[in-house]
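Working notes, beginning with the structure itself.
The values are calculated or read from the model by the stated rules, or taken from the named source; none is laboratory data. The structure presented is a predicted model; accordingly, all values stated were derived computationally and were not measured. All Cβ positions, glycine included, derive from the backbone under ideal geometry; neighbour counts span all protein chains shown. For accessibility, only protein heavy atoms count, side chains too; no ligands or nucleic acids. Shrake-Rupley method; radii C 1.70, N 1.55, O 1.52, S 1.80 Å.
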Amino acid sequence: MSASAWTTGGTGVCPVTGVGGYLGHFDYRSGSGRATRQFNFTATVAGETVELTEHDAHLWADRTQQDQVSSAVQTVLDAWRQQIA
């Protein structure tokens with residue numbers, strides 16, 4: 001599945017107008033126990049409203065709440081902060 005299709009399907013944001021910088025990847029076990037690798041990129045979208053359809057039980061974290069994520073996700077957020085600085 002393309003990054004654009006996943007972003008649209010997973011967040012309801014449409015359309016994705018660009019896929020930008022690579023932020024890194026990490027490995028984890030999915031809910032079904034499968035080994036999974038998640039690749040992370042920045043994306044530019046035309047829409048402004050995000051409606052989660054796939055991960056709606058999780059937290060949209062602003063900077064004050066981002067310490068609640070795993071160390072793997074924290075590494076991705078750190079890479080993103082470096083890209084936008």
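Some points to look at:
- Contact map, the stretch 22-46: first residue touching a residue at least 12 places away in the same chain (Cβ under 8 Å), second residue open to solvent by 40 Å² or more (accessible area, probe 1.4 Å) and outside any strand (DSSP E or B), Cβ cut-off under 6 Å, separation 6 or more or different chains; pairs are L23/W80; F41/A3; A46/P15.
Table: residues versus (1) modelled with pLDDT of 70 or more; (2) part of a helix (DSSP H, G or I); (3) open to solvent by 90 Å² or more (accessible area, probe 1.4 Å).
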| position | (1), (2), (3) |
| --- | --- |
| S4 | no, yes, no |
| T8 | no, yes, no |
| C14 | no, no, no |
| L23 | yes, no, no |
| A43 | yes, no, no |
| V50 | no, no, no |
| V76 | yes, yes, no |
| W80 | yes, yes, no |
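- Listed by first and then second residue, the pairs linking a residue in the stretch 61-85 that is in contact (Cβ under 8 Å) with a residue 24 or more places away in the chain to a residue that is surrounded by 10 or more Cβ atoms within 10 Å (Cβ to Cβ) and of a type in the set (A, V, I, L, M), with Cβ atoms under 6 Å apart and 6 or more places separating them unless they lie on different chains, are V76/L23; A79/L23; W80/L23.
- If you check D56, D62, D27 for being open to solvent by 50 Å² or more (accessible area, probe 1.4 Å), modelled with pLDDT of 70 or more and assigned to a loop (DSSP other than H, G, I, E, B), only one passes: D62.
- Across the stretch 30-39, the number of residues qualifying as loosely packed, with under 10 Cβ neighbours inside 10 Å and either modelled with pLDDT of 90 or more or of a type in the set (F, W, Y) (or both) comes to 5.
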